[in-house]
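See structure below.
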Amino acid sequence: MQPAKIAPRDRLIVPLDLPGVAEAEAMVARLGDSVTFYKIGYQLAYAGGLPLVSRLSGAGKKVFVDLKLHDIGNTVARGVESVAKLGATFLTVHAYPQTMKAAVEGRAGSSLKILAVTVLTSYDDGDLHAAGYRLNVADLVEARAQQAQVLGVDGLVCSPEEAASVRKIVGHQMNLVTPGIRPAGADVGDQKRIMTPARAIAAGADYLVVGRPITGAADPRAAADAIQAEIAQALA
Ligand SMILES: O=c1ccn([C@@H]2O[C@H](COP(=O)(O)O)[C@@H](O)[C@H]2O)c(=O)[nH]1
């Protein structure tokens, strides 16, 4: 089954990784109608940013709450129930079976979609081995994608490097959301598994998360517009 078509403009998700609500609101104002989808993660959520979820969704934007939950099942399920009341579109949990099962239970009856984070895009094989894993990145991402699908998770966070192989496993039933996006020549920062926007779309990503190349740019709106144009061209 093919998924509902996503408009090119709605495929860009901009993380509001900023120190406070005032800075986040100023960034949203600067980006204007160029950006329709925002992400709220640790930095803003722990600085009083969660009320922005309902404010942004009330203003017609979509919001991805990137809290990467991981705890005992009951705590995850109850936490997801609370997030579901905020009006977010996506919420992340780590891709551990107990956690994913509990998150799917917690979002029942709501419109919230659960995304399972397979392997962080700042990790390479060496980082996984240092953390005690025997599998390499590609194999762990694939194993977790299969588990997530069986457990009824709505989508996956992976790097664009794995998008094509994950798409083969999960088909078009699950949303593939890819951070680790860098326009040609952009500073890579702490990301290790990266692609350009055009290549990520060609690899099968549904949504691209692009933060610092936009929010750290001298002209964030121009940076977002350039990425939107690259996405649209890759889909044409
Ligand atoms: O594997 C992951 C999961 C989440 N992220 C988040 O995406 C953005 C990326 O920001 P950039 O500035 O474009 O690097 C950030 O909020 C991360 O927390 C990720 O990078 N990788």
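Among all residue pairs at least 6 apart or on different chains, which show Cβ distances below 7 Å where the first residue, located in the stretch 181-203, is free of Cβ contacts under 8 Å to residues at least 12 places away in the same chain and the second is among the aliphatic types (A, V, I, L, M) and within 14 Å of the ligand (Cβ to nearest atom)? Close Cβ pairs (under 7 Å, with a partner that is among the aliphatic types (A, V, I, L, M) and within 14 Å of the ligand (Cβ to nearest atom)) amount to Val188/Ile194.
Where residues in the stretch 164-208 are among the β-branched types (Val, Ile, Thr) and open to solvent by 10 Å² or more (accessible area, probe 1.4 Å), which of them is nearest to Ala232 (Cα to Cα)?
So the first thing to find is which residues in the stretch 164-208 are among the β-branched types (Val, Ile, Thr), and the list is 166, 169-170, 177-178, 181, 188, 194, 196, 201.
Remaining after also requiring open to solvent by 10 Å² or more (accessible area, probe 1.4 Å): 169, 188, 194, 196, 201.
Numbers: Ile169: 26, Val188: 23, Ile194: 19, Thr196: 13, Ile201: 9 Å.
This residue is Ile201.
Scanning the stretch 46-78 for residues that are part of a loop (DSSP other than H, G, I, E, B) and either touching a Phe, Trp or Tyr at 6+ places or on another chain (Cβ under 9 Å) or closer than 26 Å to Ile227 by Cβ (or both) returns Ala59, Gly60, Lys61, His70. What is the residue count in the stretch 17-57 for residues that are open to solvent by less than 70 Å² (accessible area, probe 1.4 Å) and in contact with an Asp or Glu (Cβ under 8 Å, 6 or more places away or on another chain)? Number satisfying all stated conditions: 8.
Return the total of residues in the stretch 1-16 being basic (Lys, Arg) and open to solvent by less than 80 Å² (accessible area, probe 1.4 Å).
Taking the stretch 1-16 first, the residues basic (Lys, Arg) are 5, 9, 11.
Now restrict to residues that are open to solvent by less than 80 Å² (accessible area, probe 1.4 Å): 11.
Number satisfying all stated conditions: 1.
Listed conditions (1) within 15 Å of the ligand (Cβ to nearest atom); (2) open to solvent by less than 50 Å² (accessible area, probe 1.4 Å) are all met by Glu161, apart from (2). The set of residues in the stretch 101-124 that are open to solvent by less than 50 Å² (accessible area, probe 1.4 Å) and of a type outside the set (S, T, N, Q) comprises Ala102, Ala103, Val104, Gly106, Arg107, Leu112, Ile114, Leu115, Ala116, Val117, Val119. A residue that is within 17 Å of the chain's Cα centre (by Cα), open to solvent by 70 Å² or more (accessible area, probe 1.4 Å) and farther than 20 Å from Val65 by Cα cannot be found anywhere in the stretch 126-143.
For the stretch 15-45, the set of residues classified as part of a helix (DSSP H, G or I) and away from the ligand (no atom under 15 Å from the Cβ) consists of Val21, Ala22, Glu25, Ala26, Val28, Ala29, Arg30, Gly32, Asp33, Ser34, listed by residue number. Out of everything in the stretch 204-228 that is closer than 28 Å to Ser165 by Cβ and in contact with a Ser or Thr (Cβ under 8 Å, 6 or more places away or on another chain), what residue ends up being farthest from the ligand (Cβ to nearest atom)? Only one residue tops the list, namely Gln228.
The values are calculated or read from the model by the stated rules, or taken from the named source; none is laboratory data. Just so you know, these numbers come straight off a predicted model, no measurement behind them. Cβ atoms come from the backbone with ideal geometry, glycine included; neighbour counts cover every protein chain shown. Accessible surface areas use protein heavy atoms only, side chains included; no ligands, DNA or RNA. Shrake-Rupley method; radii C 1.70, N 1.55, O 1.52, S 1.80 Å.
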